[in-house]
Number of protein chains: 2
Amino acid sequence: MSAACREATDAVAPRLVAEQRKDGVDAAVAAARRVVTALLRTGGGTGTDMDVVAAELNALADRLTETAPPVGERLAAMWRGQGVTRHDPVTGPENALAPPLHLDGKDDGSVEGVVTLDLPYQGPPGHVHGGISALLLDHTLGVANHWGGPSGMTAELTLRYLRPTPLFEPLTVSGRQVSVDGSRIRAVGEISAAGRTCVTVEGLFINKHLPRPS
Amino acid sequence: MSAACREATDAVAPRLVAEQRKDGVDAAVAAARRVVTALLRTGGGTGTDMDVVAAELNALADRLTETAPPVGERLAAMWRGQGVTRHDPVTGPENALAPPLHLDGKDDGSVEGVVTLDLPYQGPPGHVHGGISALLLDHTLGVANHWGGPSGMTAELTLRYLRPTPLFEPLTVSGRQVSVDGSRIRAVGEISAAGRTCVTVEGLFINKHLPRPS
């Protein structure tokens with residue numbers, strides 16, 4: 001493929017996760033992420049009156065809860081149509097736990113995204129929690145299966161931690177489906193920083209899905 | 001051990017994670033968790049003016065960021081003394097990503113905690129994300145190593161998903177160290193719901209630690 005062609009292809013690489021909007025609930029969730037990080041960056045005893053902060057946040061939670069639909073209704077709504085990719089804890093624009101990671105599909109069948117993580121995702125000093133790497137990679141393999149062929153539920157994951165994964169630096173997270181044998185789907189992936197692999201994953205998935213709530 | 005003795009022992013089971021306080025930054029973080037969940041339970045298009053919510057949260061994040069210490073200073077502070085257990089994304093009372101999971105040490109050398117997860121932790125419809133289970137279990141093995149013997153950094157994790165793990169129901173998360181061979185530490189753990197095992201984990205850890213920031 002020529003460089004020009006590759007550039008054109010990259011420009012239209014399918015976005016495999018929900019678009020992040022700058023308005024509505026997405027903007028509120030993005031702001032909530034800022035609060036989560038700021039609370040951790042502030043910590044206790046820095047002169048901020050945390051009783052006032054707690055009161056403000058509790059009042060907001062009360063207001064939101066009053067207008068929220070019953071959870072069964074909400075579950076049905078979030079599993080309809082494009083809602084499917086809006087709420088997960090890795091890529092979801094409606095989920096403040098998600099960094100969020102944006103994954104694009106590549107011509108070679110793989111998926112890839114770049115993300116920089118802050119203090120909420122810390123494990124060892126200044127580095128990403130091993131369980132957070134597992135969370136990002138499990139989800140990325142799931143998206144890679146959707147992109148590359150049949151998808152399913154995680155049956156087994158093996159993670160190998162080769163070197164510490166840094167906070168505050170761009171991380172490349174990638175995955176690809178490697179085989180489908182009946183209902184057994186295998187996928188692999190990795191997280192790298194500055195071109196060096198930090199964590200690898202091998203996953204076995206089973207081609208079945210839980211029913212969507214209705 | 002007699003039932004009475006077991007009860008007495010349970011009553012003083014060491015808390016292996018930071019105590020959750022009802023004031024200060026802990027209360028603010030607990031309120032932030034309520035906001036994260038309420039945003040996901042509300043979603044878009046439910047009549048709440050999300051522009052107002054976003055503006056309030058952004059104003060709060062700005063205020064907190066203004067009084068936060070430089071990140072290097074904060075990192076050094078959070079790794080001193082008891083701060084160590086206050087900020088992680090699984091048990092940390094200062095981290096709104098953490099459910100939080102409370103882990104206690106048992107006489108038999110294992111650690112255990114019970115947690116109920118809401119929509120932010122969802123993977124398949126109405127069930128816990130496989131990567132969230134991995135996050136909880138990786139951290140639980142780390143705490144089990146601290147409780148049972150030498151601890152270290154995660155080198156390898158193998159997770160097996162036996163059945164879907166439900167949201168909205170109490171989950172028991174447990175772990176224990178099983179062997180130490182030189183610098184190689186092995187630990188196992190599981191997540192169960194209503195007495196049935198949902199996910200198991202085997203972990204290999206290496207007895208070394210990254211330097212604490214100073």
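The values are calculated or read from the model by the stated rules, or taken from the named source; none is laboratory data. All values derive from a computational prediction rather than experimental measurement. Here the Cβ is made from the backbone with ideal geometry for all residues, glycine too, and neighbour counts use every protein chain on show.
Data overview
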quantity	calculated
Test result for B:T65, of a type in the set (V, I, T) and facing chain A (nearest Cβ under 7 Å)	yes
Selected residue [under 25 Å from the mean Cα position of the chain (by Cα), modelled with pLDDT of 90 or more and assigned to a helix (DSSP H, G or I)] from B:E66, B:E73, B:E56	B:E73
Criterion: in a helix (DSSP H, G or I), within 25 Å of B:P164 (Cβ to Cβ) and away from chain A (no Cβ under 11 Å) - qualifying residue of B:A144, B:A134	B:A144
First in the stretch A:82-108 and within 20 Å of A:S174 (Cα to Cα), second anywhere and at pLDDT below 95 and assigned to a strand (DSSP E or B), Cβ under 9 Å, 6 or more apart	A:H102/A:R15; A:L103/A:R15; A:D104/A:R15; A:G105/A:R15
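Table: residues versus (1) within 22 Å of B:P89 (Cβ to Cβ); (2) within 13 Å of another protein chain (Cβ to nearest Cβ); (3) small (G, A, S); (4) touching a residue at least 24 places away in the same chain (Cβ under 8 Å).
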site	(1), (2), (3), (4)
A:G152	no, yes, yes, yes
A:T158	yes, yes, no, yes
A:L162	yes, yes, no, yes
A:V173	yes, yes, no, yes
A:E190	yes, no, no, yes
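Conditions tested, residue by residue: (1) buried (at least 16 other Cβ atoms within 10 Å of the Cβ); (2) closer than 18 Å to B:V128 by Cβ; (3) under 17 Å from the mean Cα position of the chain (by Cα).
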position: A:D138; (1), (2), (3): yes, yes, yes
position: A:G142; (1), (2), (3): yes, yes, yes
position: A:N145; (1), (2), (3): yes, no, yes
position: A:P170; (1), (2), (3): no, no, yes
position: A:G182; (1), (2), (3): no, no, no
position: A:R196; (1), (2), (3): no, no, no
position: A:F205; (1), (2), (3): yes, yes, no
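Here's the yes/no breakdown for (1) part of a helix (DSSP H, G or I); (2) exposed (fewer than 15 other Cβ atoms within 10 Å of the Cβ); (3) among the small types (G, A, S); (4) at pLDDT 95 or above:
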{"residue": "A:A4", "(1), (2), (3), (4)": "yes, yes, yes, no"}
{"residue": "A:A8", "(1), (2), (3), (4)": "yes, yes, yes, no"}
{"residue": "A:A30", "(1), (2), (3), (4)": "yes, no, yes, yes"}
{"residue": "A:A38", "(1), (2), (3), (4)": "yes, no, yes, yes"}
{"residue": "A:G44", "(1), (2), (3), (4)": "no, no, yes, no"}
{"residue": "A:G47", "(1), (2), (3), (4)": "no, yes, yes, no"}
{"residue": "A:A77", "(1), (2), (3), (4)": "yes, no, yes, no"}
{"residue": "A:D88", "(1), (2), (3), (4)": "no, no, no, yes"}
